[in-house]
Amino acid sequence: MLAPAAAAFIVRRWVTREGFADAGLRPNLRRSWRIYLIAWIHPLAVIAVVVVLAAGLGVSQPDFTLGRALETLAPGAAPEAGLPAALWLLIPVQLLITSVVVSPLLFGEEFGWRGYLQPRLFPGNPIVSAVATGLIWSAWHLPLNLRGYNDPSRSALGLIAFTGSCIFLSLIFGWLHNRSGSIWAPSLGHAASNSLGGSVAFLLFVGGPNWVWVSYVGLLAWMPMAAICAWILLRGEPRKVD
């Protein structure tokens, strides 16, 4: 995940020699704390919609006891009654903290994708740039996904679901970058999507049917992600912060 940042650094420093003045390395936290808050907690909204849709459509049933997840991770070790429901008071808090801690790792991707590639692909059309970056970003994950990283079944539908999610997330992360003027906001959003969104989806649905529908980058997640993108676009976004 450090490869995109390394590539962007090499290009900025030695190829184009444009430097780092527009790299968004300052957090701008005081001015943009609301944007960071959205970046941090928006995966909870996505997962909440996925849970409602999965149960309502009969695609899969979330297991709030975590017994199914424990059985998948450690067969035979899960308690019969599952884990205490009160544990759900701690899990989101732990994962929110984890999101902050691992943000520097996701900086490795975001410095390359949102900090360099996406603003330059189609500078006059940020929506097209987000779509193009999402396609490239998805292809970049292909070696892992063909090994079952995001979809253990390694199905064509799983690759399609992941690609669509990358496009939606590119628009969302691009908006976080533009609105905050910092690469750290999309880094936090990316970290929260992985640590919070991905982990909660795994704990609730792993071991059940139709994983390609209910994972954080699955088909049902398209609906809340598309709603967030629509909200961004209806506000006249994305736009570059002066």
*Does residue 113 satisfy the criteria of being under 16 Å from residue 174 (Cα atoms), of a type outside the set (Gly, Ala, Ser), surrounded by 14 or more Cβ atoms within 10 Å (Cβ to Cβ) and touching a Phe, Trp or Tyr at 6+ places or on another chain (Cβ under 8 Å)?*
yes
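Select, from 66, 106, 57, the only residue that is surrounded by 18 or more Cβ atoms within 10 Å (Cβ to Cβ) and over 22 Å from the mean Cα position of the chain (by Cα). Please lay out each step first, then the result.
Numbers: 106 fails: over 22 Å from the mean Cα position of the chain (by Cα); 57 fails: surrounded by 18 or more Cβ atoms within 10 Å (Cβ to Cβ).
Result of the check over 66, 106, 57: 66.
Based on what the data block shows, is residue 41 free of Cβ contacts under 8 Å to residues at least 40 places away in the same chain, outside any loop (DSSP other than H, G, I, E, B) and out of contact with any strand residue (DSSP E or B) (no Cβ under 7 Å at 6 or more places or on another chain)? Give the derivation first.
Numbers: free of Cβ contacts under 8 Å to residues at least 40 places away in the same chain: no; outside any loop (DSSP other than H, G, I, E, B): yes; out of contact with any strand residue (DSSP E or B) (no Cβ under 7 Å at 6 or more places or on another chain): yes.
Taking the combined requirement at face value, the residue does not satisfy it.
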*Given the conditions (1) small (Gly, Ala, Ser); (2) part of a helix (DSSP H, G or I); (3) under 18 Å from residue 202 (Cβ atoms), which single one is not true for residue 138?*
(3)
_What pairs come out if I take residues in the range 143-159 that are over 19 Å from residue 73 (Cβ atoms) and in contact (Cβ under 8 Å) with a residue 12 or more places away in the chain and pair them with residues that are of a type in the set (A, V, I, L, M, F, W, C) and surrounded by 13 or more Cβ atoms within 10 Å (Cβ to Cβ) whose C-beta lies under 7 Å away, six or more apart or interchain?_
145/159; 145/162; 155/212; 157/212; 158/212
*Subset of the range 1-54 that is on the phi < 0 side of the Ramachandran plot and polar (S, T, N, Q) - its residue that is surrounded by the fewest Cβ atoms within 10 Å (Cβ to Cβ)*: 16
*Hey, does the range 144-163 have a residue that's in a loop (DSSP other than H, G, I, E, B), of a type in the set (S, T, N, Q), modelled with pLDDT under 95 and surrounded by 19 or more Cβ atoms within 10 Å (Cβ to Cβ)?*
yes
*With 193, 182, 187 as the choices, which residue is buried (at least 23 other Cβ atoms within 10 Å of the Cβ), hydroxyl-bearing (Ser, Thr, Tyr), at pLDDT 95 or above and out of contact with any Phe, Trp or Tyr (no Cβ under 7 Å at 6 or more places or on another chain)?*
182
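With the structure loaded, tell me whether residue 139 is over 25 Å from residue 34 (Cα atoms) and small (Gly, Ala, Ser) or whether it fails that test. Spell out the reasoning first.
Details: over 25 Å from residue 34 (Cα atoms): yes; small (Gly, Ala, Ser): yes.
For residue 139, the condition - over 25 Å from residue 34 (Cα atoms) and small (Gly, Ala, Ser) - is met.
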*Would you check which residues across the range 1-22 are assigned to a helix (DSSP H, G or I) and under 26 Å from residue 144 (Cβ atoms) and list them?*
3, 4, 5, 6, 7, 8, 9, 10, 11
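Picking from 27, 62, which residue would you name as being more than 26 Å from residue 208 (Cα to Cα) and not in a helix (DSSP H, G or I)?
Values: 62 fails: more than 26 Å from residue 208 (Cα to Cα).
It is 27.
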_I'd like to verify a number: residues in the range 197-224 that are touching a His at 6+ places or on another chain (Cβ under 9 Å) and either free of Cβ contacts under 8 Å to residues at least 60 places away in the same chain or hydrophobic (A, V, I, L, M, F, W, C) (or both), how many?_
0
*At least 1 residues that are over 22 Å from residue 113 (Cα atoms) and either in contact with a helix residue (DSSP H, G or I) (Cβ under 8 Å, 6 or more places away or on another chain) or among the β-branched types (Val, Ile, Thr) (or both) in each: list the helices (runs of 4 or more DSSP H) lying fully within the range 166-232 that qualify.*
199-205, 211-214
*Only one of (1) more than 20 Å from residue 216 (Cα to Cα); (2) of a type outside the set (D, E, K, R); (3) outside any helix (DSSP H, G or I) fails for residue 116. Which number is that?*
(3)
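The values are calculated or read from the model by the stated rules, or taken from the named source; none is laboratory data. Please read these numbers as outputs of a predicted model, since none were measured by experiment. Using ideal geometry, Cβ is built from the backbone for each residue, glycine included, and neighbour counts are taken over all protein chains shown.
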